[in-house]
1. Subtracting the Cα-Cα distance from 0.36 nm times the residue separation, let me have the gained length for residue 308 to residue 65 in nm, one decimal.
2. Taking 0.36 nm per residue of separation and subtracting the Cα-Cα distance, what length does fully extending residue 49 through residue 190 add?
3. Quick one: net charge around residue 291, please, counting Lys, Arg +1 and Asp, Glu -1 for every other residue with C-beta under 12 Å from its C-beta.
4. Mind ranking 181-190, 230-239 by how tightly packed they are, going by the mean number of other C-beta atoms within 10 angstrom, highest first?
5. In nm, to one decimal, how far is the modelled label at residue 246 from the one at residue 168, with both set 7 Å along Cα→Cβ?
6. Using the Karplus curve 6.51 cos²θ - 1.76 cosθ + 1.60 with θ = phi - 60°, what ³J(HN,Hα) values do you get for each residue of segment 127-144, in whole Hz, with x for Gly and Pro?
7. Across segment 78-89, in residue order, what do the Karplus-derived ³J(HN,Hα) couplings come to in whole Hz, using 6.51 cos²θ - 1.76 cosθ + 1.60 with θ = phi - 60° and x for Gly and Pro?
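Since every read-out is calculated from the coordinates, none of them should be taken as a lab result. The shown structure was predicted, so the numbers you read here are calculated from the model rather than taken from an experiment. Every residue, glycine among them, receives a Cβ derived from its backbone with ideal geometry; neighbour counts consider all protein chains shown.
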Amino acid sequence: MRNLLLRLKQKVFSIYYSLYINNKIDYKKSKLIFSDPRGGSTWLAETLYFLLDEHCLIWEPLRKKRFKNISDKLTSIRPSINKYENYETELYQLKNLFSLKYKNPILLPYTSTFEIKKYTHTIIKFCRGNNLLPWLVNSIDFKYKPIYFVRHPLAVVKSQIEHGSWDDIDLQYSLKILCSEYKIEQSIIDFIHDQKIFLFLVWCIHNKNLSKSGNWLLISYEELFLNPIKTFNFINAEWKCINQSKIDTFDFRKNSRTVKDNKIILGEKIQLSSWKGFFLDEEIKKYQIILNYFKINYYNLYDVYPVHLEKI
């Protein structure tokens, strides 16, 4: 019975999709968010979804179970394409994704079937695609600059460990794939002996372009946390498509769907330093060596804020 209902739901979804989507969504007008798993992007994406009219939210599409025909190049642990490389198949697939050409309700967890007809734009949230960003902005002339959303690596690692979804990771297998794909030196590989430092390495690999400039909006979780209205005004100054009254009246204390308990996201600034005490000083020294190897200077591992952010 359950499978029958799912097939029926898919059929109704497909009918509505064909009737109302067609070719009315322009992929160049998509709003893209790139971040790390447990990096706060759900909070950001949900807020944009509520602030922007006629937008649907496409949810983390770089997975085979959500995007069945997607190229293997886009579904590695942390996919990467050089800025100037020509991957026509992958670009074609992403353009179709951005313009909502794929009829899969799993990609649209915030959308009911009967809401499809109101959408004219897409928001796409990526949690594993940071290293596709330079290639994408070089290949597509987006009307709205994508958002590169970054959170302190130690806060991300702590959240990933406490969440539990990374408990069953095959560390050696994953390390072998990543180090081969990104040509990591043996001196760094020798540091990787447990889950925490492996997840830190993954953060560094995924944010290897963090200290480089690009045609995107670089926003930190910390600045959004401390001053959400100022941050969304910064986004709107670039995009010019959010109703200002919505920003001024929106309840930014609303939890995202991935927050497991009832804690308020916006609170005392001490919440940003909740990762302190979770890592030994000797661990942090090793992490700093890895951070230096990737030439990432956006964060000082002993400070909760990005180096550029004024202490509010």
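1. Between residue 308 and residue 65, full extension yields 83.6 nm more.
2. Working: separation 141, 0.36 × 141 = 50.76 nm, distance 4.28 nm.
Computed gain between residue 49 and residue 190 is 46.5 nm.
3. +4
4. So the order, starting with the most tightly packed, is 230-239, 181-190.
5. Simple spin-label model gives 3.8 nm for this pair.
6. Values, residue by residue: 10, 9, x, 3, 7, 9, 4, x, 5, 5, 6, 7, 9, 10, 8, 5, 5, 10 Hz.
7. Per residue, the Karplus-derived 3J(HN,Hα) values read 9, x, 8, 9, 4, 3, 9, 7, 10, 10, 5, 4 Hz.
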